[in-house]
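One structure below.
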Amino acid sequence: MRLTLLATAFAVLLAGCGDVTEPTARAADAPNRGHINYAEPSVTISGPTAIYTLADAPPSDFTWTATVSGGEAPYTYQWEYSYNQFQWYPFQPTTDSYSTTNSVDFAPEPVTHTFYLRVTVTDKWGHTAGSGTTVRVWAI
């Protein structure tokens with residue numbers, strides 16, 4: 001009788017554990033299950049916010065860099081620019097990278113105006129972060 005109860009208790013305990021591969025499946029899906037080591041991605045943009053150009057010179061390239069923290073690689077970067085913050089234009093096709101930095105080059109027209117840059121980063125889990133900056137161009 002005692003052996004039967006022990007065997008029954010052990011069988012119930014094992015049945016509650018689920019499939020042996022379940023922990024691996026949960027680890028692979030960690031952010032969607034509240035994994036404690038996962039941090040949501042965030043992104044910042046660095047680069048010039050004021051540019052001085054010669055009115056008669058051809059435009060020069062300037063570089064802006066997005067730096068990601070958190071999330072999990074690979075990351076997808078989508079850069080866009082706008083002159084009015086309503087209509088946005090992509091710089092390049094979306095890029096995938098295992099790097100936590102991604103840069104874009106842009107040559108503004110040599111006239112006085114303001115333009116806006118933004119980047120959206122998506123990590124391997126589909127979690128997104130975005131950042132933007134305003135750039136003032138002065139023709140001298």
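Here are a few things to note about the model shown:
- Any hit, the range 55-62, residues being polar (S, T, N, Q) and in contact (Cβ under 8 Å) with a residue 40 or more places away in the chain: yes
- Qualifying residue in the range 114-121 (condition: under 24 Å from N37 (Cα atoms) and exposed (fewer than 15 other Cβ atoms within 10 Å of the Cβ)): no
- Checked across the range 22-33, the condition of being farther than 22 Å from A129 by Cα, out of contact with any Cys (no Cβ under 9 Å at 6 or more places or on another chain), at pLDDT 50 or above and not basic (K, R) holds for no residue.
- Test: residue in the range 45-67 that is over 17 Å from T134 (Cα atoms), modelled with pLDDT under 85, in a strand (DSSP E or B) and open to solvent by 60 Å² or more (accessible area, probe 1.4 Å): no
The values are calculated or read from the model by the stated rules, or taken from the named source; none is laboratory data. Quantities reported herein were computed from a predicted structural model and do not represent experimental measurements. Every residue, glycine among them, receives a Cβ derived from its backbone with ideal geometry; neighbour counts consider all protein chains shown. Ligands, DNA and RNA are stripped out before the accessible areas are found, and what is left, the full protein with its side chains, is counted by its heavy atoms. Shrake-Rupley method; radii C 1.70, N 1.55, O 1.52, S 1.80 Å.
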